[in-house]
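Each remark here refers to the structure printed beneath this line.
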Amino acid sequence: MTFCSVFLLLFLILLFSSFEQSVSISSGSQRVILRSIINENSKDGDFAIDLNATNFDSVLKETPAPFAIVEFFAHWCPACRNYKPQYEKVARLFNGADASHPGIILMTRVDCASTINSKLCDKFSVDRYPMLFWGPPKKFVSGGWVPKQGKSEIIPIESGRTADVLLGWINKQLGSSYSLDDGKYENEHLQTNTSDPGQIAKAIYDVEEATSTAFSIILDHKMIKPETRTSLIKFLQLLVAHHPSRRCRKGSADVLVNFDDLCPSSTMLVNNEEAESCSKNGVLENYQICGKEVPRGYWMYCRGSKNDTRGFSCGLWILLHSLSVRVEDGESNMAFRSTCDFVHNFFVCEECRQHFYEMCSSVSTPFKKARDFALWLWRAHNKVNERLIKEEASLGTGDPEFPKAIWPPKQQCSSCYLSPSKTSKENSKIDWDENEVFKFLVSYYGKELVTLYKESEQRGSGQTEKIVAEELVASTNAVVVPVGAALAIAVASCAFGALAYIWRSRQKNRKPRRSWN
């Protein structure tokens, strides 16, 4: 080992020691918030999200919806109790998995009778119950409202005392024609222009949702077993270092650091009951892999024109592509193997994972460059699309608005295609300029994905370039993303395996901690 390597490993050990303490403190409050959101909104008929002073800013900041309604009420108020069913009739149209019009309005409520919310209600000058406000979600964050303050993007809703009246007010505000009788959506607001790069701004939410969905599937199907736990740990390490979402990196690190406590290895269990142990009492489910959950139940960039098309598979592909353009050369083969093993062990579509496994098995030479891995994944995706184009055409199961196609199309990357004179005529095969394809992948799944997402959060702030730079290098900066030694994986590719070894050794030797339950 070189002096640099030894120094780096010692640094990682010290960093891990300090980080374990910080995680055990900060994660507790996250889980209290999470249980508050999930448990209080799991009752039948409740679609509006109950907020309080501890999660008000974070939930409104993280929602992808362009508009929000906040109802300030008091639980002892008879008028508020009578109004709740009216508010819920409207909330069911916009919130939850069965929403008629998901992704448009986040409908929330705050109980001003709760002491913890006193200052929050004062900031919005709440002097009667119920009191409703409308505005862009991020305008509520660390904000407030006072009467006669002049122009403000937060607007009090003066006439919304019945469901019909409130929905009419919303329709007037949006120029829409929503009805209380609207059923579950069939995506009437699709944006099908795939050449518009601005659409990728929405993909960050789908990448987060795909990550959370994959984690939920693993737990629901009790797929963490002695023979699969290593592949899950390696994929978690990949997420910690290179996930495009900051909060998914943090959440993945939280799971990774506590993994041995939550899912003891088979050597620590009797009768090899690992899968049951990981799912017991929902302990691991409390670790939200992408942080505080904002209930969504819908897709944005990956929404199909039908409820049963696109969605999770689209989001998962975007996640894999975004990882492939973020790894360093020295990590490329590790990332390839981790991706292949993850899909093989945890993707529940049997035919899909077998096809993917066959493509993985066809690779005989280890990747030495990140470019090679990114291009292999791109080619694999197009092979899948080629197969599905034929199958969906014969069975009529495709999405008419989003038919499978070879990607990227010319209108999105004309330079990716060689000139007509150099294009092979045999079997209509496309002759690609792979150097240009790689540049496009890096730009689309790297810079554009992060840039446009951050621009939507920081519009007008003038700090976009700085934030983009921070996001793109975050996996090499343990200060920017405080996820302990796991994030230091990307400091140098040679430290990746050593980090995993150190972490596993320390996990086995440390004293057991209390679970969150």
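The values are calculated or read from the model by the stated rules, or taken from the named source; none is laboratory data. From a predicted model like this one, the values you see are computed outputs, not experimental measurements. Glycine also receives a Cβ, built like all others from the backbone with ideal geometry; neighbour counts cover every protein chain displayed. Please note that ligands, DNA and RNA were not included when accessible areas were found on the heavy atoms of the full protein model with its side chains. Shrake-Rupley method; radii C 1.70, N 1.55, O 1.52, S 1.80 Å.
If you go through the range 99-126 and pick out every residue that is at positive phi and surrounded by fewer than 19 Cβ atoms within 10 Å (Cβ to Cβ), you end up with 1. Taking the condition of being in a loop (DSSP other than H, G, I, E, B) and modelled with pLDDT of 70 or more, how many residues in the range 266-297 meet it? Here the count works out to 5. Can you confirm whether the range 439-458 contains a residue that is open to solvent by 50 Å² or more (accessible area, probe 1.4 Å) and modelled with pLDDT of 85 or more? Yes, that holds for at least one residue. Within the range 363-404, the set of residues being touching a residue at least 24 places away in the same chain (Cβ under 8 Å), β-branched (Val, Ile, Thr) and assigned to a helix (DSSP H, G or I) comprises Val384 only. For the range 405-438: of the residues being exposed (fewer than 11 other Cβ atoms within 10 Å of the Cβ) and either in the same structural domain as Lys306 (by the TED database) or in a loop (DSSP other than H, G, I, E, B) (or both), which is modelled with the highest pLDDT? Within the range 405-438, the match that is modelled with the highest pLDDT is Gln411.
Each row is one residue, and each column tells you yes or no for (1) under 22 Å from Ile154 (Cα atoms); (2) touching a residue at least 60 places away in the same chain (Cβ under 8 Å); (3) hydrophobic (A, V, I, L, M, F, W, C); (4) buried (at least 17 other Cβ atoms within 10 Å of the Cβ).
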{"residue": "Val59", "(1), (2), (3), (4)": "yes, yes, yes, yes"}
{"residue": "Glu62", "(1), (2), (3), (4)": "yes, yes, no, yes"}
{"residue": "Val70", "(1), (2), (3), (4)": "yes, yes, yes, yes"}
{"residue": "Phe73", "(1), (2), (3), (4)": "yes, no, yes, yes"}
{"residue": "Pro78", "(1), (2), (3), (4)": "no, no, no, no"}
{"residue": "Tyr87", "(1), (2), (3), (4)": "yes, yes, no, yes"}
{"residue": "Val90", "(1), (2), (3), (4)": "yes, yes, yes, yes"}
{"residue": "Leu93", "(1), (2), (3), (4)": "yes, yes, yes, yes"}
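Being open to solvent by 10 Å² or more (accessible area, probe 1.4 Å) and either assigned to a helix (DSSP H, G or I) or closer than 15 Å to Asn286 by Cα (or both) is the filter here; which residues of the range 212-230 pass it? Hits for the range 212-230 are Ser212, Thr213, Ala214, Phe215, Ser216, Ile217, Leu219, Asp220, Arg229, Thr230.
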